[in-house]
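> One structure follows; several queries about it will come next.
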Amino acid sequence: GAPARAAELLGRARATADADPTPLSALVRLDLVIAQGDAALAQGDARGAHAAYLEALQVEPRRAALHAKVAATHRSIGSLDAAIASYERALALGAGADVLRAAVDTAIAAGDPAHQARWAQDLLTVAPDDPRAIVARAAAMAAEQPAAARALFAIGAERDDVDAHLGLARLDLAGEPA
């Protein structure tokens, strides 16, 4: 398919770029390594994507987008704690709202109340009606403030958020009054 063809072409381009010692070629090589990671991830090769992104991070360790790509790779294989750590780095380096939204989704999937609360608050600051942020906020509050969590989950459920429905069901099963 297309990702396999892209990987093949990127491999050829990289071989050519690796043979060129000029500074411009170094920049091209970095872009090629990142693209190789993207192609590997598109092919379902999380290990290959991870290796490529880590290689790119050796050159540009402060690039937020690379840390976000590492986080997405970890998430794709279910390594949610590692994904959260990588999202922490990406956000600390100034990643934008799209990365923050992906971090919120990961915190929800991980059931991590501390990150749900913090990242939901950050996302609500830039997108006050974001349903995923509302659901993350509700999930973070569910244990200590079930009535407030229920109200927020209800908002998410009105927007047909699966995790909002799940949160409401969990509250019902825990015997929290509606």
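The values are calculated or read from the model by the stated rules, or taken from the named source; none is laboratory data. This is a predicted model, so every value here is computed, not measured. Here the Cβ is made from the backbone with ideal geometry for all residues, glycine too, and neighbour counts use every protein chain on show. Just so you know, the surface numbers come from the protein's heavy atoms only, side chains and all, with ligands and any DNA or RNA stripped out. Shrake-Rupley method; radii C 1.70, N 1.55, O 1.52, S 1.80 Å.
> In segment 29-44, what residues are open to solvent by 70 Å² or more (accessible area, probe 1.4 Å) and among the charged types (D, E, K, R)?
Once the filter is applied, which keeps residues that are open to solvent by 70 Å² or more (accessible area, probe 1.4 Å) and among the charged types (D, E, K, R), segment 29-44 yields only 31.
> Another question, if that's okay. For segment 142-169, how many residues are within 15 Å of residue 131 (Cβ to Cβ) and open to solvent by 80 Å² or more (accessible area, probe 1.4 Å)? Reasoning before the result, please.
Our first condition is that a residue be within 15 Å of residue 131 (Cβ to Cβ); within segment 142-169, this holds for 149, 151-168.
Subset that is open to solvent by 80 Å² or more (accessible area, probe 1.4 Å): 158-160, 162, 165.
Residues flagged as within 15 Å of residue 131 (Cβ to Cβ) and open to solvent by 80 Å² or more (accessible area, probe 1.4 Å) within segment 142-169 amount to 5.
> When segment 13-28 is examined, which residues are found to be open to solvent by 60 Å² or more (accessible area, probe 1.4 Å), closer than 20 Å to residue 54 by Cα and not hydrophobic (A, V, I, L, M, F, W, C)?
Within segment 13-28, 18 is the sole residue that qualifies.
> A further question follows. Report every pair of residues separated by at least 6 positions or lying on different chains whose Cβ atoms are under 7 Å apart, first residue within segment 146-161 and assigned to a helix (DSSP H, G or I), second among the β-branched types (Val, Ile, Thr).
152/134; 153/135; 155/134; 156/134; 156/135
> Could you tell me whether any residue of segment 70-84 is among the acidic types (Asp, Glu) and closer than 24 Å to residue 165 by Cβ? Give the steps one after another, and end with the answer.
Initially, segment 70-84 is screened for residues among the acidic types (Asp, Glu), giving 81.
Next, only the ones that are closer than 24 Å to residue 165 by Cβ stay: none.
Taking every residue of segment 70-84 in turn, none turns out to be among the acidic types (Asp, Glu) and closer than 24 Å to residue 165 by Cβ.
> May I pose another question? Pairs only if they're at least six apart or on different chains, beta carbon under 8 angstrom, first in segment 113-126 and within 13 Å of residue 98 (Cα to Cα) and of a type in the set (Val, Ile, Thr), second surrounded by fewer than 21 Cβ atoms within 10 Å (Cβ to Cβ) and modelled with pLDDT of 95 or more; list them, first residue then second.
126/97
> Which of the numbered conditions does residue 10 fail, given that it passes all the others? Conditions: (1) within 14 Å of the chain's Cα centre (by Cα); (2) buried (at least 21 other Cβ atoms within 10 Å of the Cβ).
(1)
> Just give me the residues in segment 53-103 being in a loop (DSSP other than H, G, I, E, B), more than 18 Å from residue 126 (Cβ to Cβ) and either open to solvent by less than 40 Å² (accessible area, probe 1.4 Å) or not charged (D, E, K, R) (or both), in sequence order.
So in segment 53-103, the residues in a loop (DSSP other than H, G, I, E, B) come out as 60-63, 77-79, 93-96.
In the following step, the residues that additionally are more than 18 Å from residue 126 (Cβ to Cβ) were identified as 60-63, 77-79.
Answer for segment 53-103, where residues must be in a loop (DSSP other than H, G, I, E, B), more than 18 Å from residue 126 (Cβ to Cβ) and either open to solvent by less than 40 Å² (accessible area, probe 1.4 Å) or not charged (D, E, K, R) (or both): 61, 77, 78, 79.
> Then there is this: Just checking, how many residues over segment 21-52 are part of a helix (DSSP H, G or I) and under 25 Å from residue 4 (Cβ atoms)? Let's see the steps before the verdict.
Taking segment 21-52 and keeping what is part of a helix (DSSP H, G or I), we get 23-42, 46-52.
Filter again for under 25 Å from residue 4 (Cβ atoms), leaving 28-42, 46-52.
Of the residues in that region, 22 qualify.
> Would you please name the residue that is most open to solvent (accessible area, probe 1.4 Å), looking only at residues in segment 109-141 that are charged (D, E, K, R) and part of a helix (DSSP H, G or I)?
First, the residues of segment 109-141 that are charged (D, E, K, R): 112, 118, 122, 129-130, 132, 137.
After this cut, where a residue has to be part of a helix (DSSP H, G or I) as well, the list is 118, 122, 132, 137.
On the way: 118: 104, 122: 69, 132: 46, 137: 79 Å².
Of everything passing the filter in segment 109-141, 118 is most open to solvent (accessible area, probe 1.4 Å).
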